[in-house]
Amino acid sequence: MSSAARFELKPSPALAAAIIVAHAAAAAAAYIVVPGVMGTALAVALVALGMAAAWSRALLRSSAAVRAMEIGGTQPVFQLASGERFAADVGARRYVTRYMVVLPLARPLSRTLLVTADMLGAQEFRRLRIWALWNRLPRVVAKQLIAQ
């Protein structure tokens, strides 16, 4: 079994667009339901919140955004855009699909990390999905390393 792997996350324009569209839909609903200036203010605030969330979480522009993760050791290590590194446990309840991996992180980060398929290369994302499901990295045979 491989001892460790480092995953460098890339920004996800598709996730950013989905976040903004979802917040815009919520803003439209709020504008329809709440009449007048308050509805307009609420709609503007929801769109602004969506843009801020997309900027920090999907486009990884915030200094608190997770930019890299190292797994395979005793405890996963997460590197923020600011350069800070934290070791944090990952909760047992992980959500893994073909398109995304959701990892609940314990203290000191205390957040949920969403990694979409376009944030990593295809093989890296496959390895992350396997690790998230089985809590270990797939084995790599020497012949496979030569073939790559």
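Any read-out appearing in this document is the output of simple, stated calculations on the displayed coordinates, not a laboratory observation. Being a predicted model, the structure only gives us computed values, none of them experimental. Cβ coordinates were reconstructed from backbone atoms using ideal geometry, including for glycine residues, and neighbour counts include every protein chain displayed.
Things worth noting here:
- Projected label points at Arg136 and Ala68, each 7 Å from Cα along the beta carbon direction, are separated by 2.7 nanometres.
- Among (1) 1.03; (2) 1.09; (3) 1.42, the entry that matches Rg/Rh (Cα atoms, Kirkwood Rh) as calculated here: (2)
- Mean separation of Cα contacts under 8 Å (6+ apart) over length of the chain, as relative contact order %: 23
- Placing dummy labels 7 Å off each Cα toward the beta-carbon, the span from Arg61 to Gln123 is 3.3 nm.
- Cα long-axis angle, helix 122-134 against the chain (0 to 90 degrees, to the nearest 10): 90
- Per-peptide packing, taken as the mean over residues of other Cβ atoms within 10 Å, places 53-61, 67-75 in the sequence 53-61, 67-75 from highest down.
- Helix-only [θ]222 nm of the chain, DSSP H runs n ≥ 4, -39500 (n - 2.57) each, per residue, nearest 500: -12500 deg cm²/dmol
- Structural descriptor for segment 1-81: relative contact order 37 percent, calculated from alpha carbon pairs under 8 angstrom and at least 6 residues apart.
- Between 0 and 90 degrees, the angle of helix 36-53 with respect to the longest Cα principal axis of the chain falls at about 20 degrees.
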